[in-house]
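FYI, it's all coordinate maths here, none of it is from the lab. Nothing here was measured: the structure is a model prediction, and the numbers come from that model.
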Amino acid sequence: MTTVDSCAHIETIRKSITDCEQRFQREPNSTTLLAVSKTKPAEMIVQAYQCGLRAFGENYAQELYDKACELDLPDIEWHFIGPLQSNKTRLIAEKAAWMHSVDRLKIATRLSDQRPAELPPLQICLQVNLENESGKSGLSATEVKEVAKAVAQLPHLQLRGLMSIPVPHSEESEQRRVFAELRQLMESLNADGFQLDTLSMGMTADYPAAIAEGSTIIRIGTALFGARN
Ligand SMILES: *Cc1c(COP(=O)(O)O)cnc(C)c1O
């Protein structure tokens, strides 16, 4: 693919996001496109960057770290979206701007302790397991408030919102029902005094439904970069 072709492709996706914002009465440009570049080579990230994308998502800590070291481009922003083991927190604390998948206080505490003083606070979302699927990572809806309270106290983190990876539903109405639960959970935290402004929800298969329910960051891999091996 030439750069021109790939920019046209990215523009198509941006146009689709804009159309969704309009269709669902969202503010223009209120949805950030996070380009999920996991498993994809550095050249593809550079190409997407040249087309104007700035936020890139990775789900392996070492891969995020290595790519961030290699691609130290102005204004590029690395987002971690995967499960994180506590022995890998330093890689994220040092290189990420955002961490979407905090699912326990221990990880948050380590990230805060290890965040370099010269960097701005690490932006945090708590991952919620909405349908309470066993074996899947994420806090249950009932655990979120307590963890949110503790995370909000940590000095080098800024608690921004909630993230979820729902089980795939093919019907848009079902997709919306689950995303609405995440939005309502954020609204109830805000009614309790939190000031959360971020819903990280929606992927290639379900981002229109997520935008309809108030997503502020959609995490798109396949639609931008093609299928992964
Ligand atoms: C891989 C991944 C995505 C992107 O999924 P696509 O279906 O390829 O858009 C989004 N979020 C998370 C947490 C992921 O791991």
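Listed here are the pairs K95/K145; K40/K67; K67/K106; K40/K136; K38/K136; which of them are more than 22 Å apart at the Cα?
K95/K145; K67/K106; K40/K136
How much mean residue ellipticity at 222 nm does the chain get from its helices, if each DSSP H run of length 4 or more adds -39500 (n - 2.57) and you divide by all residues, to the nearest 500 deg cm²/dmol? The partial results should precede the final answer.
Details: 9 runs with 96 residues, N = 229.
Rounded to the nearest 500, the figure is -12500 deg cm²/dmol.
With all pairs of different alpha carbon atoms counted, what Kirkwood hydrodynamic radius in Å does region 26-98 show?
About 12.6 Å for region 26-98.
Let me understand the chain better: what is its radius of gyration from the alpha carbons, and its Dmax, in angstrom?
Values for the chain (Cα only, Rg and Dmax): 16.9, 50 Å.
Subtract the Cα-Cα distance of K15 and Q85 from 0.36 nm times their separation in residues, and report this length gain in nm to one decimal.
In short, 21.5 nm is gained.
If I take every Cα pair under 8 Å that is 6 or more residues apart in region 97-197, average their sequence separation and divide by the length, what percent do I get for the relative contact order?
That works out to 28 percent.
So what is the relative contact order for the chain, in percent, with contacts set as C-alpha pairs under 8 Å and at least six apart?
Here the relative contact order equals 19 percent.
Stick to Cα atoms and the Kirkwood definition of Rh, then tell me Rg/Rh for region 79-194.
Numbers: Rg = 14.3 Å, Rh = 14.6 Å.
Reported Rg/Rh, Kirkwood definition of Rh: 0.98.
Suppose a student asked you for the relative contact order of region 1-129, using Cα pairs under 8 Å spaced at least 6 residues apart; what percent would you report? Before the final figure, lay out each step's value.
Details: 174 pairs, mean separation 21.9, N = 129.
17 percent.
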